[in-house]
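Here's the structure we're looking at; comments come further down.
The values are calculated or read from the model by the stated rules, or taken from the named source; none is laboratory data. Being a predicted model, the structure only gives us computed values, none of them experimental. Cβ placement follows ideal geometry from the backbone for every residue including glycine, while neighbour counts extend to all protein chains displayed.
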Amino acid sequence: MTDVLVIGIGMIKFGRFGERPIADIGAEAALLALDDCGLTIQDMQALYCGNVYEARSMVGQRIMRELGQTGIPVINTANACASGATAFREALLGIKAGAYDIALAVGVEKMGKGMLAGGTAGDGGLAPEGLLGSLTNPSIFAHMGMEHARKYGTTLEQFAKVSVKNHHHATLNPKAMYQMETPLEMVMNAEMISYPNTKLMCSVNVDGSAAAVLCSEKKARELGLIGRALRVRGSALSSDPWTPYNQAMTDFNAVTRIAAKSAYEQAGVGPEDISLIELHDCFATAELVHYENLGICGEGEAGQLIDDNETSLGGRIPVNVSGGLLSKGHPLGATGIANIFEVATHLRGEAGSRQVEGAKFGLTHVCGRGSACAVHILEKA
């Protein structure tokens, strides 16, 4: 099967856009990605769109009305926080299968303020809510952190350092929603949402969009677009396997490890080869635990990794140099492609003051409840 390259990327500054239509927001990122590679919607053979909250309203087709209705196939994907990454992956698989030479993937979301809704036992079965714990997102990820603390002694201060780091990184990213320093004391003393996550350790619900143009290597060479292209070396999507833990709630550890293992095997690289990571820091506890799930440190070593600043810009393996979901923001359908935008920018050497020097391989990770986890590994073509 053909190698697939990312030849164009685009992302808008995340924020809140009031009455601005979702199709308009999505089209803006799409045009940025098309402009990035000098192509137009007339050159695209398919469009894939990731969105959660308006998934039944044909968001992809509405975006096409803004870009130009060319009659190409439009596929809408809804896969929780992995919706954008799933759209990207489906475009990639369509090209690998030979159905298309070139395709556009867009992730877009408009979100309200406040806590995301929890789950229900829609199949009529016994709901664990109130019996085995809470199904609200803050509680799920608080439990994830407390389990790590129970097993390894991880402290509130270590979890809080994740937020300090990511908010600092966001001050270097003009597309981040919030660009402000949050000292450790500020993070730890903020309103407690669900221990150990304070308000400044929770991701930001914002509006946003990101897009990527994917292309077969043969077509990219025909178009003369190899110079700034990124090769997708690994693309994995996993669902929650059965474990005793997930009788009560999603096992984010197991689902991430399955996807990461597959992506590393496809790419022919290991965690030690990765230059930077954009991972799903929906809460500070999640980032720390995912260090181990993605293999960048051993079991129980995540707390020491953050203490030693190894995941900060300039450290051994920078994580969430964009500011992450904690500060850049988390528009659900857009996050997966926004992570790819950030990694691609560094691999191209175009990240400015937040540039990870010598970046060769970049890894992106999103893990939504439900459960869906996507991991991609890219390198400069």
So, first residue free of Cβ contacts under 8 Å to residues at least 60 places away in the same chain in the stretch 215-244, second residue among the acidic types (Asp, Glu), Cβ within less than 7 Å, six or more apart or across chains; the pairs are THR243/ASP251
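Step by step: first the residues of the stretch 176-222, then only those that are of a type in the set (Asp, Glu) and in contact with a strand residue (DSSP E or B) (Cβ under 8 Å, 6 or more places away or on another chain), then the one that is farthest from LEU326 (Cα to Cα). Which residue is that? Show your work before the answer.
Of the residues in the stretch 176-222, the ones of a type in the set (Asp, Glu) are 181, 185, 191, 207, 217, 222.
Checking which are in contact with a strand residue (DSSP E or B) (Cβ under 8 Å, 6 or more places away or on another chain) leaves us with 191, 207, 217.
Values: GLU191: 15, ASP207: 14, GLU217: 35 Å.
Only one residue fits best here, namely GLU217.
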The stretch 328-362 - residue that is touching a residue at least 12 places away in the same chain (Cβ under 8 Å) and touching a His at 6+ places or on another chain (Cβ under 7 Å) and, of those, surrounded by the most Cβ atoms within 10 Å (Cβ to Cβ)
ILE340
Can we say ALA351 is over 24 Å from GLY145 (Cβ atoms), modelled with pLDDT of 95 or more, out of contact with any Ser or Thr (no Cβ under 9 Å at 6 or more places or on another chain) and not polar (S, T, N, Q)?
no
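Could you list all residues from the stretch 104-155 that are part of a strand (DSSP E or B) and modelled with pLDDT of 90 or more? Write out each step before concluding.
Here is the first cut: in the stretch 104-155, the ones part of a strand (DSSP E or B) are 104-109, 129, 133.
Hits for the stretch 104-155 are LEU104, ALA105, VAL106, GLY107, VAL108, GLU109.
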ILE63 fails exactly one of (1) surrounded by fewer than 24 Cβ atoms within 10 Å (Cβ to Cβ); (2) over 27 Å from ASP240 (Cα atoms); (3) without any contact (Cβ under 8 Å) to a residue 60 or more places away in the chain, namely (1)
Only one of these conditions is not met by THR154: (1) in contact with a strand residue (DSSP E or B) (Cβ under 9 Å, 6 or more places away or on another chain); (2) farther than 27 Å from GLY84 by Cα. Which number is it?
(1)
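Which of the residues belonging to the stretch 244-257 are more than 19 Å from SER134 (Cβ to Cβ), modelled with pLDDT under 95 and of a type in the set (Val, Ile, Thr)?
Filtering the stretch 244-257 down to residues more than 19 Å from SER134 (Cβ to Cβ) leaves 254-257.
Subset that is modelled with pLDDT under 95: 254-255.
Result: VAL255, single match.
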Answer yes if at least one residue in the stretch 40-50 is among the hydroxyl-bearing types (Ser, Thr, Tyr), under 22 Å from SER371 (Cβ atoms) and modelled with pLDDT under 95, and no otherwise.
no
Could you list, in sequence order, the residues of the stretch 68-79 that are surrounded by fewer than 19 Cβ atoms within 10 Å (Cβ to Cβ) and part of a loop (DSSP other than H, G, I, E, B)?
GLY68, GLN69, THR70, GLY71, ILE72, PRO73
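Table: residues versus (1) touching a Phe, Trp or Tyr at 6+ places or on another chain (Cβ under 6 Å); (2) modelled with pLDDT of 95 or more; (3) in a loop (DSSP other than H, G, I, E, B); (4) not β-branched (Val, Ile, Thr).
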{"position": "GLY298", "(1), (2), (3), (4)": "no, yes, yes, yes"}
{"position": "LEU305", "(1), (2), (3), (4)": "yes, yes, no, yes"}
{"position": "VAL321", "(1), (2), (3), (4)": "no, yes, yes, no"}
{"position": "LEU326", "(1), (2), (3), (4)": "no, yes, no, yes"}
{"position": "GLY329", "(1), (2), (3), (4)": "yes, yes, yes, yes"}
{"position": "ALA338", "(1), (2), (3), (4)": "no, yes, no, yes"}
{"position": "ALA344", "(1), (2), (3), (4)": "no, yes, no, yes"}
Filter the stretch 360-381 down to the residues that are aliphatic (A, V, I, L, M) and within 16 Å of GLY227 (Cα to Cα), then identify the one that is modelled with the highest pLDDT.
LEU378
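Test ALA260 against the criterion of being of a type in the set (A, V, I, L, M), modelled with pLDDT of 95 or more, more than 24 Å from ASP36 (Cβ to Cβ) and assigned to a helix (DSSP H, G or I), and give yes or no. I'd like the intermediate steps shown before the answer.
Details: of a type in the set (A, V, I, L, M): yes; modelled with pLDDT of 95 or more: yes; more than 24 Å from ASP36 (Cβ to Cβ): yes; assigned to a helix (DSSP H, G or I): yes.
The answer is yes for ALA260.
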Any chance you could count how many residues in the stretch 357-379 are farther than 25 Å from ASP3 by Cα and either β-branched (Val, Ile, Thr) or over 16 Å from the mean Cα position of the chain (by Cα) (or both)?
1
Unmet criterion (only one of (1) more than 15 Å from LEU363 (Cβ to Cβ); (2) surrounded by 24 or more Cβ atoms within 10 Å (Cβ to Cβ)) for GLU299:
(2)
Across the stretch 146-166, which residue is surrounded by the fewest Cβ atoms within 10 Å (Cβ to Cβ) among those that are touching a Pro at 6+ places or on another chain (Cβ under 9 Å) and under 22 Å from SER134 (Cβ atoms)?
MET146
Of all residues being farther than 26 Å from ALA170 by Cα and β-branched (Val, Ile, Thr) in the stretch 1-42, which is surrounded by the most Cβ atoms within 10 Å (Cβ to Cβ)? Just the residue, please.
VAL4
Kindly indicate whether any position in the stretch 43-50 is surrounded by 18 or more Cβ atoms within 10 Å (Cβ to Cβ) and in contact with a Cys (Cβ under 9 Å, 6 or more places away or on another chain).
no
Given the residues ARG56, ARG89, ARG65, which is the only one that is at pLDDT below 95, of a type outside the set (Asp, Glu) and in a helix (DSSP H, G or I)?
ARG56
